[in-house]
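The values are calculated or read from the model by the stated rules, or taken from the named source; none is laboratory data. No experiment lies behind these values; they were computed from the predicted model shown. Positions of Cβ are backbone-derived with ideal geometry, glycine not excepted, and every protein chain shown enters the neighbour counts.
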Amino acid sequence: MRSHYCGQVDESLVDQEIELCGWVNRRRDHGGVIFVDLRDREGLVQVVFDPDKPEIFALAERVRNEYVLKVKGKVRLRDEAVINANLKSGKIELLGLELEVLNAAETPPFQLDDQGVHEDNRLKYRYIDLRRDEMQQRMRMRSQVSGFIRRYMEDNGFLDIETPMLTKATPEGARDYLVPSRTHQGEFFALPQSPQIFKQLLMMSGMDRYYQIVRCFRDEDLRADRQPEFTQIDIETSFMNEDQVMEITETMIRDLFAYVLEVALPNPFPRMTYAEAMDRFGSDKPDLRIDMELVDIGDLMEDVEFKVFSGPAKDPKGRLIVLRVPQGAKLSRKEIDGYTEFVGRYGAKGLAWIKVNDVDAGREGLQSPIVKFLPDEALDEIIKRSGTQTGDLLFFGAGNANVVNESMGALRVQLGHDLDLVSREWKPLWVVDFPMFEWNERDERWNALHHPFTAPSGSLEELEANPGESLSRAYDMVLNGCELGGGSVRIHDTAMQHKVFEILGISDEEANEKFGFLLEALKYGCPPHAGLAFGLDRMVMLMTGASSIRDVMAFPKTQTAACLLTDAPSEVSAAQLKELNIRIRKPVTEA
């Protein structure tokens with residue numbers, strides 16, 4: 001129906017007759033001449049309708065925004081005075097010779113150039129929202145990213161292999177989405193949270209190098225970078241160790257950014273241990289663009305009378321840190337109270353602070369209710385250790401180490417954004433040497449920090465003797481404070497896998513019920529293997545500068561896991577439920 005895309009028409013086509021199809025982006029009537037900006041996925045072109053063709057002109061008078069048109073016309077240069085340098089087609093226009101209205105349109109629920117449209121409206125009328133240039137560009141970049149990754153994987157010997165969407169329910173963290181089976185009454189499939197087990201089975205099958213750009217499902221509480229269904233770039237290899245997996249995937253990301261964004265990422269990416277990341281930044285996905293760090297001062301406070309500090313300083317499970325905020329002394333008391341409330345959301349009981357009005361004046365140059373509780377020697381060492389200058393603000397985190405890390409790590413990031421302390425650059429890194437397990441205080445048991453198929457860095461005997469000190473052969477790629485992807489060397493030995501299950505409190509009976517097919521496969525010649533999975537949605541979110549993964553997905557769900565476009569989830573008929581032998585039990589409500 002068309003010879004060219006609108007956004008591809010330029011001065012090289014002057015005096016040629018072409019055919020275009022698209023939507024009316026805008027119509028203007030200027031003293032007997034009608035201008036229509038015709039839009040398609042490639043951009044805009046201005047079409048001019050003169051009154052010397054009365055039938056066509058009359059039809060052009062009736063078109064409105066979002067009408068779908070087919071236009072045949074002659075390309076001509078614009079006058080110098082009306083050239084639009086912001087458009088590829090800005091030096092030309094199309095003189096309309098023929099016009100066909102392929103479809104009329106009612107007035108849309110919002111204008112495409114309105115930046116203040118509520119997200120619920122954008123999601124309800126997603127097919128209109130996706131017409132916006134910003135969304136078109138994001139979808140285009142998403143396609144470029146996935147296309148590049150497919151080519152890179154194929155060029156490096158990886159096979160694209162699909163794994164099942166209907167699989168066994170093995171809840172390990174997030175809840176599964178369950179699918180009732182009609183042919184096996186009372187039994188259920190689960191939608192996969194990850195192809196983890198199947199890609200390991202592919203390595204046992206001799207496939208050697210596997211990849212898949214695959215949909216995954218998790219029924220979990222949602223945030224800006226979470227969705228109930230999301231896309232994963234899944235990778236697994238045989239006979240490669242962690243360094244080799246990290247090298248090949250790091251090269252892929254570096255080449256991807258060079259190809260799509262023309263950005264040169266560092267070569268190689270820096271590496272940081274989990275322990276160092278938590279000590280310096282309170283997070284295992286530190287944003288290195290923010291030049292602030294958590295500094296331990298527990299050794300300075302063990303003997304002070306101020307129990308808010310001395311208590312955590314003496315507690316083996318406690319932590320006491322200072323966070324220097326450059327030029328933060330300008331913050332008002334109201335703003336400081338706001339940050340106190342912020343850390344409280346993470347379990348912190350308060351937020352002590354000191355304004356440094358004059359670093360050379362000693363105690364007299366400090367402003368804070370807590371200064372009177374601290375000896376001069378401790379104050380001097382805090383100033384020295386934190387590198388504090390005049391005009392800075394010191395925030396203190398004290399309490400349980402996990403709470404301090406989480407609250408002060410989050411505060412560091414929040415302050416960085418609020419005070420414009422985030423550098424305009426890309427800062428990738430690898431975080432390595434994760435603990436194998438973390439202790440669950442509530443259930444009094446060990447949990448796997450990653451997943452139960454992650455290999456430890458030590459021997460079976462070392463793991464059994466001291467699980468709390470055991471490190472894993474896991475690695476996460478972090479970019480600007482977001483986890484791009486994570487992976488590990490997998491367990492390929494039956495005895496080691498049983499031992500990990502045992503430490504996690506998974507009995508032989510439970511292990512066989514959930515993972516029996518994997519344990520069986522380990523007996524028949526399992527190669528050493530390792531892999532990694534990237535979150536495609538999160539990757540594209542970062543690359544496009546979007547604030548949510550919903551803005552880089554064509555048809556996302558809301559934060560309550562609902563689809564406003566299709567009104568899903570929804571009730572189903574009694575006949576469908578009867579066929580599945582399912583009865584709905586309504587929640588009991590109090591009178």
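Hey, among the residues in the range 88-127 that are surrounded by fewer than 15 Cβ atoms within 10 Å (Cβ to Cβ) and among the small types (G, A, S), which one's farthest from R550 (Cα to Cα)?
For the range 88-127, the residue satisfying everything is A104.
Going residue by residue through the range 41-58, is there one that turns out to be assigned to a loop (DSSP other than H, G, I, E, B) and either among the β-branched types (V, I, T) or not assigned by TED's automatic domain parsing to the domain that holds I83 (or both)?
No.
Among (1) farther than 25 Å from V413 by Cα; (2) at pLDDT 95 or above, which single condition is G362 missing?
(2)
Does at least one position in the range 533-545 carry a residue that is hydroxyl-bearing (S, T, Y), closer than 26 Å to V260 by Cβ and in the same structural domain as T237 (by TED's automatic domain parsing)?
Yes: one or more hits.
Out of all the residues in the range 560-582, which are on the phi > 0 side of the Ramachandran plot and more than 33 Å from the chain's Cα centre (by Cα)?
Once the filter is applied, which keeps residues that are on the phi > 0 side of the Ramachandran plot and more than 33 Å from the chain's Cα centre (by Cα), the range 560-582 yields only N581.
If you go through the range 473-496 one residue at a time, do you hit one that is without any contact (Cβ under 8 Å) to a residue 40 or more places away in the chain, out of contact with any strand residue (DSSP E or B) (no Cβ under 7 Å at 6 or more places or on another chain), part of a helix (DSSP H, G or I) and in the same structural domain as G525 (by TED's automatic domain parsing)?
Yes, the range 473-496 contains at least one residue that is without any contact (Cβ under 8 Å) to a residue 40 or more places away in the chain, out of contact with any strand residue (DSSP E or B) (no Cβ under 7 Å at 6 or more places or on another chain), part of a helix (DSSP H, G or I) and in the same structural domain as G525 (by TED's automatic domain parsing).
Quick one: would you say G391 is touching a helix residue (DSSP H, G or I) at 6+ places or on another chain (Cβ under 9 Å) and not assigned by TED's automatic domain parsing to the domain that holds E247?
Considered against the rule, which asks whether it is touching a helix residue (DSSP H, G or I) at 6+ places or on another chain (Cβ under 9 Å) and not assigned by TED's automatic domain parsing to the domain that holds E247, G391 comes out as yes.
Out of all the residues in the range 1-53, which are among the β-branched types (V, I, T) and surrounded by 14 or more Cβ atoms within 10 Å (Cβ to Cβ)?
V9, I18, V24, I34, V36, V45, V47, V48
Of all the strands (runs of 3 or more DSSP E) wholly in the range 248-353, which have at least 2 residues that are at positive phi and exposed (fewer than 14 other Cβ atoms within 10 Å of the Cβ)?
The strands (runs of 3 or more DSSP E) meeting that bar number zero.
Starting from residues that are modelled with pLDDT of 95 or more and of a type in the set (A, V, I, L, M), keep the ones in the range 59-82 and report whichever is surrounded by the fewest Cβ atoms within 10 Å (Cβ to Cβ).
The extreme case among them is L77.
Out of the residues in the range 5-49 that are acidic (D, E) and within 13 Å of E98 (Cβ to Cβ), which is farthest from the chain's Cα centre (by Cα)?
Of everything passing the filter in the range 5-49, E17 is farthest from the chain's Cα centre (by Cα).
For A85, are the conditions met, namely being at pLDDT below 95, more than 21 Å from L20 (Cβ to Cβ) and assigned to a helix (DSSP H, G or I)?
No, not satisfied.
So the check is Cβ under 6 Å with 6+ separation or different chains; which pairs have a first residue in the range 398-419 that's under 16 Å from V325 (Cβ atoms) and a second one that's charged (D, E, K, R) and modelled with pLDDT of 95 or more?
From residues that are under 16 Å from V325 (Cβ atoms), the pairs are V413/D287.
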